[in-house]
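Peer 1: For reference, the structure I am asking about is given below.
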């Protein structure tokens, strides 16, 4: 599934301010994608790709321990697991509260990947493992409604006060579920002032992407009750179903 075959074209109609970013997990360095020449946190790499850059990163490119940990590239130091660091930052009251974070934070198993490729959707040359979208509320509502349009599934956001990158890069990949959360809640991303607050991050795993794009092409983006004659439409519907009298 590549951008040049039109599969992703429907996303352009959303009018997103930030271009979606395709993520690919690799065991070997790609030959057709340049290596990242700088060092940064995983969330900062995402911001860089939103700005139009295409690159891949390895363990040596990470400056924040959270990224390599959730990607399974490296074990994390004892001071993090014990909760001393999280409590020291003031994210949690004490180490015992902070240590709970590591009991539920999703993490890709070591050995699954060694490198991560990033590309804005307009420049992607690979089939994404995850597509990360940053949307405003009206745009996010359309995407999430498309997620449940045929299945009727529950909308469920999963996030934590720290190690927010895990819920974009690991949880959707491991669960096969679309995940979303509001920017401005996560400690590290907020501290770095990377993304405008009050937007919705939506992470779509590879096995949900084709169906989501298909539904976006077929589903009415504006439901009839939201059109100009919406009140009259709902009134007639209720009468036709026997809920109200004429």
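Peer 1: Given the criteria touching a strand residue (DSSP E or B) at 6+ places or on another chain (Cβ under 9 Å), within 22 Å of residue 209 (Cβ to Cβ) and in a helix (DSSP H, G or I), does residue 49 qualify? Quick ask: steps written out before the conclusion?
Peer 2: On the way: touching a strand residue (DSSP E or B) at 6+ places or on another chain (Cβ under 9 Å): yes; within 22 Å of residue 209 (Cβ to Cβ): yes; in a helix (DSSP H, G or I): yes.
Considered against the rule, which asks whether it is touching a strand residue (DSSP E or B) at 6+ places or on another chain (Cβ under 9 Å), within 22 Å of residue 209 (Cβ to Cβ) and in a helix (DSSP H, G or I), residue 49 comes out as yes.
Peer 1: Restricting attention to region 186-196, does a residue exist that is buried (at least 21 other Cβ atoms within 10 Å of the Cβ), within 30 Å of residue 83 (Cβ to Cβ) and under 14 Å from the mean Cα position of the chain (by Cα)? Can you show your working first?
Peer 2: Taking region 186-196 first, the residues buried (at least 21 other Cβ atoms within 10 Å of the Cβ) are 186, 188-189.
Next, only the ones that are within 30 Å of residue 83 (Cβ to Cβ) stay: 186, 188-189.
In the following step, the residues that additionally are under 14 Å from the mean Cα position of the chain (by Cα) were identified as 186, 189.
Yes: region 186-196 contains one or more residues that are buried (at least 21 other Cβ atoms within 10 Å of the Cβ), within 30 Å of residue 83 (Cβ to Cβ) and under 14 Å from the mean Cα position of the chain (by Cα).
Peer 1: Tell me which of these residue 6 doesn't satisfy, since it passes every other one: (1) within 24 Å of residue 208 (Cβ to Cβ); (2) touching a residue at least 12 places away in the same chain (Cβ under 8 Å).
Peer 2: It is condition (2) that residue 6 fails.
Peer 1: Suppose the filter is closer than 16 Å to residue 117 by Cβ and either surrounded by 19 or more Cβ atoms within 10 Å (Cβ to Cβ) or under 19 Å from the mean Cα position of the chain (by Cα) (or both); does residue 37 pass it? Outline the logic, then answer.
Peer 2: On the way: closer than 16 Å to residue 117 by Cβ: yes; either surrounded by 19 or more Cβ atoms within 10 Å (Cβ to Cβ) or under 19 Å from the mean Cα position of the chain (by Cα) (or both): no.
So residue 37 does not fit the description; no.
Conditions (1) surrounded by 19 or more Cβ atoms within 10 Å (Cβ to Cβ); (2) within 21 Å of residue 74 (Cα to Cα); (3) over 23 Å from the mean Cα position of the chain (by Cα); (4) at pLDDT below 95, marked per residue:
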position	(1), (2), (3), (4)
109	no, yes, no, no
115	yes, yes, no, no
120	yes, no, no, no
128	yes, no, no, no
132	yes, no, no, no
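Peer 1: Could you run through region 155-176 and say how many residues are within 13 Å of residue 205 (Cβ to Cβ) and buried (at least 17 other Cβ atoms within 10 Å of the Cβ)?
Peer 2: 7
Peer 1: If a residue counts only when it is more than 19 Å from residue 24 (Cβ to Cβ) and in contact with a strand residue (DSSP E or B) (Cβ under 9 Å, 6 or more places away or on another chain), which helices (runs of 4 or more DSSP H) contained entirely in region 78-174 have at least 1 such residues?
Peer 2: Details: elements: 78-81, 84-89, 95-99, 101-104, 137-148, 166-169.
The qualifying helices (runs of 4 or more DSSP H) are 137-148.
Peer 1: Right, next: Sort out which residues of region 216-225 are part of a helix (DSSP H, G or I) and surrounded by fewer than 18 Cβ atoms within 10 Å (Cβ to Cβ), and write them in order of number. Let's see the steps before the verdict.
Peer 2: First, pick out the residues of region 216-225 that are part of a helix (DSSP H, G or I): 216-218, 224-225.
Those that are part of a helix (DSSP H, G or I) and surrounded by fewer than 18 Cβ atoms within 10 Å (Cβ to Cβ): 217, 218, 224, 225.
Peer 1: Could you tell me which residue of region 58-74 is surrounded by the most Cβ atoms within 10 Å (Cβ to Cβ), considering only residues that are in a loop (DSSP other than H, G, I, E, B) and touching a residue at least 24 places away in the same chain (Cβ under 8 Å)? Lay out the reasoning, then the answer.
Peer 2: To start, the set of residues in region 58-74 that are in a loop (DSSP other than H, G, I, E, B) comprises 58, 63-65, 71-74.
Then drop every residue that is not touching a residue at least 24 places away in the same chain (Cβ under 8 Å), which leaves 58, 63-64, 71-73.
Details: 58: 16, 63: 12, 64: 17, 71: 26, 72: 17, 73: 21.
My answer is 71.
Peer 1: A further question follows. Can you tell me which residue among 237, 213, 243, 231 is exposed (fewer than 12 other Cβ atoms within 10 Å of the Cβ) and part of a helix (DSSP H, G or I)?
Peer 2: Working: 237 fails: exposed (fewer than 12 other Cβ atoms within 10 Å of the Cβ); 213 fails: exposed (fewer than 12 other Cβ atoms within 10 Å of the Cβ); 243 fails: part of a helix (DSSP H, G or I).
Result of the check over 237, 213, 243, 231: 231.
Peer 1: What's the total number of residues in region 141-154 that are touching a residue at least 40 places away in the same chain (Cβ under 8 Å) and surrounded by fewer than 20 Cβ atoms within 10 Å (Cβ to Cβ)?
Peer 2: Within region 141-154, the subset touching a residue at least 40 places away in the same chain (Cβ under 8 Å) is 142-147, 149-150.
Filter once more, so that each one left must be surrounded by fewer than 20 Cβ atoms within 10 Å (Cβ to Cβ): 142, 144-145, 149-150.
The number of residues fulfilling the criteria is 5.
Peer 1: Answer with yes or no whether residue 10 is modelled with pLDDT of 95 or more and under 19 Å from residue 107 (Cα atoms).
Peer 2: In short, no.
The values are calculated or read from the model by the stated rules, or taken from the named source; none is laboratory data. Keep in mind the model is a prediction, meaning the values are calculated, not measured. Glycine gets a Cβ as well: all are built from the backbone with ideal geometry, and neighbour counts include every protein chain shown.
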